[in-house]
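This report refers to the structure that appears directly beneath it.
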Amino acid sequence: MKNYYSYFLLFLLIGGFLLSINNVSAYPSRNQKRQAPAAKAAPAAPPAKAAPPAKAAPPAKAAPPAKGAPPKDPKTATPAKDPAKDPAKAPVPAPAPAAAPTPSPSPVSPPAGTQAGDAKGGTWEIQQTLTGVNAMHMFVARPGQFVYVDKPQANPLLRSNGQPAESAIFDIYKNTLTAFDLSSDTFCSAGSWLGNGTLVHTGGDGGAGPILAGGQSLRFYDPFVGYWVERVGLMPSKRWYPTMLPLSNGKVLILGGSTGGTGLNRAEINNPTYNIWPPSTPDGTPDPDVQFKFLVDTLPYNLYVFLHVFPNNDNKNIIFMLSGQQPILYDLDAANVVYTYPKIAVQRQYPQTGTSLMLPLYSTNQYTPEVMVCGGQAAYEITATADSSCGRMVLNANTPAWEMDDFGGIPRVMPDSVILPNAQVLFVNGAQTGYAGFRKGGAANPLWVNSNPAYTPVLYDPVAKTYAKMNPSTIPRMYHSVATLTPDGYVFVAGSNPQGSVAKNVEFPTEYRAEIYRPPYILTDVPRPTILSMNGAAVDGVRTTIGYNQQLTFVVSVTDPNPSFTASIIHLGFVTHSQNMGQRFVGLDISKVNFDANASNQYIVTLTTPPNPTIIAPGPHYIYILNNGAPCMKAVEVLLN
């Protein structure tokens, strides 16, 4: 996004390059897994007295439709109302806004490699290795591997041709940073994982010089190949600020965006369509875009639409969508709106950016879907205090309604939301004033459109519905910041670049420092378990394919004399612009815990995977086992398929 005046942005001209069509099979996922020596199976023993086995759960079914509520079976759906023609869907009032934040001097950062904080509020550690490119987009490729995607600009990390890189991979275990070669413009794009374990990345800006236009490009990243493969100009239309989502059939949804850079979206550049990849065509030619009136009705706040798959028994791709304060339930297979929900108070879409997540799903309540939407901005004004409210809504309630709260008392625009393995949610990053966008003016006299950094994260307990303020970071994480869970149970935070190009000696510079935040659940005296094997095979360094409704047996080591185990499977998604596309948490049913008679401090934990792909989509996920709330030392990398 370029600098703009009168609170609107000048749009960028996006050039198109249409190259030869390539079948998706030209870039198959290898999904190799290294052969590991089989671990010695432990004999069954009576359940450990300290850790009573959880009651075995039958294959769980999704909750039945409540009377008058959005039904689970779309075939019996109540006809939906057009949100643009339904004045009764008035916004739910939000709590009173928080007081305007008082600007304070930026805190002094500790030296890289040292931890700051305590066990109660968590610790921050600045990484010694810089990101090399601004982390505008980020995803976890494999354990310890973080892939950054920026835009074309004067980043210090160089490609093999000597030009500044726009993508790189950081291996935190090896402490290495490697530049990738990308030829198309990735500015303000989107990504999502296919069921075969390949990440698909699409959209971007118009390119310049040697950088080709990226708005119609597809890019593929297979973690076992280790580099990007591009199909420049492949898709039917240009997309800037689109959203992507993994679907229950292993494909990905590509939705919306604009055909050029902008602040508020405008009709002349609006892209009110969606597409699905891989296509249905036998030769791999992209399907035509599908026109989607909802993205016309919700102008101008329809960029980076919030998307979540709705759990159901029929393996239907039913999608919760929120755009311009208006949420709907959309049947992607039938191409019709199933249900129209009440509006949420306050704008949450770019440039008044909030964040959204599907709260943890459990079989004990039949995977009842509940979304949470937090932060944003009521006014498109530089000096306006950010919103300090969250809304959560049960999507299949008798009468769905937003339940609002005060977001922990901190106003925040551009927050990131990270679901932890213990089902708590960390909200981090963002600003307390203004909205998402680049500064105005030159470096000598900048006018920041987002200011007053929200240094203090808050930890949310979805069961108690309470917030706790954690220890603050010392680095402003403004526009173009990201955060993600790691397989180790930490939170990895990077990025921030609220200006159109690289700038260093300004109040909010282009930020190349990354941080690890260790939440309190890691810093307690409770011993963390170590997963030694799954189904008799070693787990370290491999990605194992598993199925739905499958029983898995883990050997777990922990020194706790009174262990108590819980488990979850989490999709880490793709993070950009306060969205974690596809992030998903599902609690796993533990049916049995046996003491391993062959080794001390070892237990055999048996659990069952989710029953169907609408609960959690096919693709790469991580299984976490916790002891009394403390996460395992490293999650198990799996491909659910």
State, as an integer percentage, the relative contact order of segment 530-640 based on alpha-carbon contacts under 8 Å between residues 6 or more apart.
34
Point-charge dipole on Cβ atoms (K/R +1, D/E -1) for segment 235-318, about Cα centre, debye to 20
160
Which listed residue (ASN155, PHE407, ALA464) has the Cα farthest towards the positive end of the charge dipole for segment 123-522, taking +1 on Lys and Arg C-beta and -1 on Asp and Glu C-beta about the Cα centre?
ASN155
Calculate, in nm to one decimal, what THR383 and LYS293 gain on full extension: separation in residues at 0.36 nm each, minus their alpha carbon distance.
29.1 nm
Report the convex hull volume per residue for segment 555-621, counting only C-alpha atoms, in Å³.
118
Positive end of the dipole of segment 530-640, charges at C-beta (+1 Lys, Arg; -1 Asp, Glu), about the Cα centre: which of ILE590, LEU640, GLY629 has its Cα farthest in that direction?
LEU640
Binned at 10 Å from zero, the C-alpha pair distances of segment 277-356 give percents of 17, 43, 31, 9, 1
Find the lysine pairs in segment 123-522 meeting two conditions, Cα atoms under 25 Å apart and a separation of 8 or more places or different chains, and report how many there are.
12
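Can you tell me the length gained on complete extension of the stretch THR399 to SER109, counting 0.36 nm per residue apart and subtracting the Cα distance?
Extra length available between THR399 and SER109 comes to 99.6 nm.
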Between ALA538 and residues 5 or more places away or on another chain, the pairs with built amide H atoms under 5 Å apart involve ALA39
Applying 1/(1 + (r/R0)^6) with R0 = 22 Å to the Cβ-Cβ distance of THR474 and ASN175, what FRET efficiency is obtained, to the nearest 0.05?
0.50
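Grab the eigenvalues of the alpha-carbon gyration tensor for segment 523-641, scale each by 5, take roots, and send me the semi-axes largest first in whole angstrom. Intermediate results must be reported in sequence, preceding the final value.
Details: eigenvalues 123, 56, 31 Å².
Semi-axes, largest first: 25, 17, 12 Å.
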How are the Cα pair distances of segment 123-522 distributed, in percent, across 20 Å bins from 0?
28, 63, 9
By Cβ neighbour count within 10 Å, fewest first, MET136, MET470 rank MET470, MET136
Amide H within-cut-off set for GLY122, under 5 Å, with H built and near neighbours excluded
ASN471
Cα→Cβ-extended label distance, 7 Å offset, between ASN315 and ASP406, nm
4.8
Quick one: what are the phi-derived ³J(HN,Hα) couplings along segment 248-260, Karplus 6.51/-1.76/1.60 with θ = phi - 60°, whole Hz, x for glycine and proline?
5, 8, x, 8, 10, 8, 10, 10, x, x, 10, 8, x
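Can you tell me how much longer the chain between ALA267 and ASN598 gets when fully stretched, taken as 0.36 nm per residue apart minus their C-alpha distance, in nm with one decimal?
Values: separation 331, 0.36 × 331 = 119.16 nm, distance 6.81 nm.
Full-extension gain reported as 112.3 nm.
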Where does each of VAL586, VAL463, VAL555, VAL133 land when they are ranked from fewest to most other beta-carbon atoms within 10 angstrom?
VAL463, VAL586, VAL555, VAL133
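For an R0 of 25 angstrom, estimate the FRET efficiency from the Cβ-Cβ distance between VAL463 and ALA537 and round to the nearest 0.05. Write out the running numbers ahead of the final one.
Working: r = 34 Å, r/R0 = 1.38.
FRET efficiency, VAL463 to ALA537: 0.15.
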Dipole in debye (nearest 20) - segment 123-522, about Cα centre, beta carbon charges: Lys, Arg +1; Asp, Glu -1:
420
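Values in this text are rule-based calculations from the coordinates and carry no lab data. Note that the structure is predicted; figures quoted are calculated from it, not measured. A quick note on method: Cβ atoms are made from the backbone with ideal geometry, for glycine too, and the neighbour counts reach across all protein chains shown.
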